[in-house]
Amino acid sequence: HDIFRTLGNLRNLYMSYCGLMQLNTEWFITTTELRVLSLQGNRIEKIPYGTFRFVNLFQDLNLSHNKLQVLDATSFGNMANLRNLNNIQFNNNQLAKIHAASFNLENLPILLNVNLQNNQINAIDPDFFDNAINLRTLFLANNICAQFNFNDVTNFRNTTRMLLQTCFDNYWVRKEEV
């Protein structure tokens, strides 16, 4: 099961467009030096709990262009081992809701970029952005964004780029319908 067991010094792994449908929790046990993982363009629907539990030096995680529907607390555990994560790309999936526990931002002190655009996100947990003080880039464009507390943007004092087009359009349409 541990297909990378002899690659303990592996730092960058690109498995894009390989037709992967699932991740095995055993794959990354010995890749403790892994910093960049690109799994874009596959057909991954779920991230099993504990998949990245031994990867402590992650800096860039790209799961864009997959079929992910849910990111919940079990997707990454408490993320305490992912403290070096700078970039998360989950754009072009089928995500509908972002839970506060999806990314425990308190355990991701140097997370700079989050790309969630082109999903089906209609709700973002109000607590999601509580610890987003270091976030530089947030892409949420082309989502539904019906339930989003815009008061949360006060936590983005260091953010320099936000892409929210059509996200706001849908919000205002729904707000006027009430």
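Yes/no matrix, rows are residues, columns are (1) in contact with a Ser or Thr (Cβ under 7 Å, 6 or more places away or on another chain); (2) open to solvent by 40 Å² or more (accessible area, probe 1.4 Å):
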{"residue": "Asn9", "(1), (2)": "no, yes"}
{"residue": "Phe28", "(1), (2)": "yes, no"}
{"residue": "Arg35", "(1), (2)": "no, yes"}
{"residue": "Gly41", "(1), (2)": "yes, no"}
{"residue": "Tyr49", "(1), (2)": "yes, yes"}
{"residue": "Arg53", "(1), (2)": "no, yes"}
{"residue": "His65", "(1), (2)": "no, yes"}
{"residue": "Asn113", "(1), (2)": "yes, yes"}
Review point. What pairs can you find where one residue is in region 101-112 and farther than 10 Å from Leu135 by Cβ, the other is modelled with pLDDT under 75 and open to solvent by 40 Å² or more (accessible area, probe 1.4 Å), and their Cβ atoms are less than 7 Å apart, with a gap of 6+ or different chains?
Key: Ala101/Asp72; Ala101/Ala73; Ser102/Asp72; Asn104/Asn78; Glu106/Asn131; Asn107/Asn78; Asn107/Ala80
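For (1) within 12 Å of the chain's Cα centre (by Cα); (2) within 22 Å of Arg161 (Cβ to Cβ), each residue gets a yes or a no:
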{"site": "Leu85", "(1), (2)": "yes, yes"}
{"site": "Pro109", "(1), (2)": "no, yes"}
{"site": "Asp127", "(1), (2)": "no, no"}
{"site": "Leu138", "(1), (2)": "yes, yes"}
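So is Leu71 under 19 Å from Asn119 (Cα atoms) and surrounded by 15 or more Cβ atoms within 10 Å (Cβ to Cβ) or not?
The answer is yes for Leu71.
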Revision key, fill the gap. Residue hits (region 72-98; modelled with pLDDT under 80, outside any helix (DSSP H, G or I) and touching a helix residue (DSSP H, G or I) at 6+ places or on another chain (Cβ under 7 Å)) are Asp72, Asn78, Met79
Practice item. Only residues in region 136-159 that are farther than 15 Å from Leu95 by Cα and open to solvent by 40 Å² or more (accessible area, probe 1.4 Å) count as the first member; pair them with residues that are of a type in the set (Val, Ile, Thr) and at pLDDT below 85, Cβ under 9 angstrom, at least 6 apart or cross-chain, and list the lot. Key: Arg136/Thr159; Arg136/Thr160; Asn149/Ile124; Val153/Thr159; Arg157/Ile133; Asn158/Ile133
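The values are calculated or read from the model by the stated rules, or taken from the named source; none is laboratory data. Note that the structure is predicted; figures quoted are calculated from it, not measured. When we count neighbours, we look across all protein chains shown, and the Cβ atoms used for this are built from the backbone with ideal geometry, even at glycine. Protein only, heavy atoms only, side chains kept; ligands, DNA and RNA dropped before computing areas. Shrake-Rupley method; radii C 1.70, N 1.55, O 1.52, S 1.80 Å.
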